[in-house]
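The block underneath contains the structure these notes are about, expressed in structure tokens.
The values are calculated or read from the model by the stated rules, or taken from the named source; none is laboratory data. Fair warning: this is a prediction, and the values are worked out from it, not measured in the lab. Positions of Cβ are generated from backbone atoms using ideal geometry, with glycine treated the same way; all protein chains shown enter the neighbour counts.
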Amino acid sequence: MNENIAKSRRLPRAVEVRKVGAHANYWYAVRLSSNLKAGEIQDVRFWEESIALFRGEDGIARAVENRCAHRQLALTTGVVQGENITCQYHGWEYNGCGRCVSMDHELGKNRKKLPKITIRSYPVKERYGLIWIFPGDPEEAEKVEIPKVPELEGEKPWPVAPIEIEIDAHFSMIVENVCDFNHAFLHRRKQPFTQPVLNKYWREDETVHVIYDTSFHNSPLAQLFAEKKELDQIHLWYQYPYQGSNIGGRYLHWLFMLPESAEKTRCFFLFLFGPIQFPGTDIGLPNFIKKPFLEVANQLYIRPLLAEDKMALEAEQIGFAKHQDKPFYELNPIIPEFQNLTIERWKDWAQRDNP
């Protein structure tokens, strides 16, 4: 009887996936490294949890929960002093481990020994031009790896021009958008790809792989590749909680999502390009001008494409909030695979004894 009641109350998968949170035992990109200067503090959020991210005068990024243990003021209203962050009110100073190490008033300065006062701190790393935070169990941080991007490592890393964009939508919607090539109609004016056909898909552990046969020959960026004959297939993957794609080993992208809340996701896109030609020639583009060239391409082509996706996703979020009691019809067989993976990872986190 109880089992039947539980089944009758179970939400449809398409609704359940929009209500799950994010598994915290992963590294999440939170800011572009270039956007956090020495001595600067920024408020970053992981699933409505406010975190004070700051860069010490030594150049190292650190993160603590965004509150002073004294009167609960947000530390983002404070200042950076040396390697520490200091509350604006009474001058309580915290190190990167969250320990109060100084108080700028006589009740603190006259003490022979400060009481043990701590706030939560978060492991922080910088890689690929991004600042990463581990919001879960800190003891697990060193056991979990940031996704490796070989093209950005070694002596000759590929040029990359990161794009940061905030989308007012649940992160699961964004995964489905970037991996579902059936929305070519949305981009019909710019035609980054045409005539997509689902070739195959499969799952390996926490990764869903998808192969689409499609054409990229109408894309202005595709004309920059040395081997256009390889531009007829794309391999996409959802490696929870990250997403990526590969076109012929020459054009790759990674998407690192920061779920800020149930209806807001900050996205960091890394678009990576292999050999690039001068338009209309077979002459390769020198490395020293590849990055500024890509930055121009981002502004003129990629950002407008992402703006179309942002518009559609934010409309989808509004539609879901209004009509989640209505039937959902999904024809693409890969979407349930993405949704099942997202739900499974959330249940794994929710069932733990979380910090």
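Taking the criterion of being of a type in the set (S, T, Y) and in a loop (DSSP other than H, G, I, E, B), would at least one residue in the stretch 71-88 satisfy it?
Among the residues of the stretch 71-88, not one is of a type in the set (S, T, Y) and in a loop (DSSP other than H, G, I, E, B), which makes the answer no.
With the requirement that a residue be of a type in the set (D, E), assigned by TED's automatic domain parsing to the domain that holds D309 and modelled with pLDDT of 95 or more, what does the stretch 133-175 give you?
Hits for the stretch 133-175 are E164, E166, D168.
Could you count how many residues in the stretch 148-172 are within 17 Å of F46 (Cα to Cα) and not in a loop (DSSP other than H, G, I, E, B)?
Qualifying residue count for the region: 6.
Anything in the stretch 202-233 that is assigned to a strand (DSSP E or B), over 23 Å from the mean Cα position of the chain (by Cα), buried (at least 17 other Cβ atoms within 10 Å of the Cβ) and at pLDDT 65 or above? List them, or say none.
Matches in the stretch 202-233: Y212, T214.
Would you check which residues across the stretch 134-147 are surrounded by fewer than 16 Cβ atoms within 10 Å (Cβ to Cβ) and assigned to a helix (DSSP H, G or I) and list them?
Selection gives P138, E139, E140, E142, K143.
Would a scan of the stretch 30-37 turn up a residue that is within 30 Å of E337 (Cα to Cα), in contact (Cβ under 8 Å) with a residue 12 or more places away in the chain and basic (K, R)?
Yes: the stretch 30-37 contains one or more residues that are within 30 Å of E337 (Cα to Cα), in contact (Cβ under 8 Å) with a residue 12 or more places away in the chain and basic (K, R).
Applying the selection to the stretch 283-332, what residues are under 27 Å from the mean Cα position of the chain (by Cα), basic (K, R) and either assigned to a loop (DSSP other than H, G, I, E, B) or over 15 Å from H187 (Cα atoms) (or both)?
The answer is K290, K291, K322.
Go through the stretch 8-59 and tell me which strands (runs of 3 or more DSSP E), entirely inside it, have 3 or more residues that are over 19 Å from I165 (Cα atoms). Steps first, please.
Values: elements: 28-32, 41-46, 49-55.
Per the criteria, 49-55.
If S245 meets every condition in (1) over 18 Å from E337 (Cα atoms); (2) among the small types (G, A, S); (3) modelled with pLDDT of 80 or more apart from one, which number is that one?
(1)
Condition check: touching a Lys or Arg at 6+ places or on another chain (Cβ under 7 Å), under 27 Å from E260 (Cβ atoms) and without any contact (Cβ under 8 Å) to a residue 40 or more places away in the chain. Does G78 satisfy that? Step through it out loud before you land on a result.
Numbers: touching a Lys or Arg at 6+ places or on another chain (Cβ under 7 Å): no; under 27 Å from E260 (Cβ atoms): yes; without any contact (Cβ under 8 Å) to a residue 40 or more places away in the chain: yes.
No; evaluated as a whole, the condition is false for this residue.
Among (1) within 29 Å of the chain's Cα centre (by Cα); (2) aliphatic (A, V, I, L, M); (3) more than 30 Å from P147 (Cα to Cα); (4) not in a loop (DSSP other than H, G, I, E, B), which single condition is V101 missing?
For V101, the failing item is (1).
Got a sec? Which of L272, L252, L236 is in a strand (DSSP E or B), surrounded by 20 or more Cβ atoms within 10 Å (Cβ to Cβ) and at pLDDT below 90? Step through it out loud before you land on a result.
On the way: L252 fails: at pLDDT below 90; L236 fails: at pLDDT below 90.
Going through L272, L252, L236 in turn, just one is in a strand (DSSP E or B), surrounded by 20 or more Cβ atoms within 10 Å (Cβ to Cβ) and at pLDDT below 90: L272.
Looking at (1) modelled with pLDDT of 90 or more; (2) farther than 14 Å from S172 by Cβ; (3) buried (at least 17 other Cβ atoms within 10 Å of the Cβ); (4) hydrophobic (A, V, I, L, M, F, W, C), can you tell me which one I334 breaks?
With (1) modelled with pLDDT of 90 or more; (2) farther than 14 Å from S172 by Cβ; (3) buried (at least 17 other Cβ atoms within 10 Å of the Cβ); (4) hydrophobic (A, V, I, L, M, F, W, C) applied to I334, the lone miss is (2).
Considering P115, P196, P147, P162, which residue is within 28 Å of N246 (Cβ to Cβ) and either aromatic (F, W, Y) or over 21 Å from the mean Cα position of the chain (by Cα) (or both)?
P196
Would you say Y301 is in contact (Cβ under 8 Å) with a residue 60 or more places away in the chain, surrounded by fewer than 18 Cβ atoms within 10 Å (Cβ to Cβ) and not assigned by TED's automatic domain parsing to the domain that holds R45?
Yes: the conditions hold for Y301.
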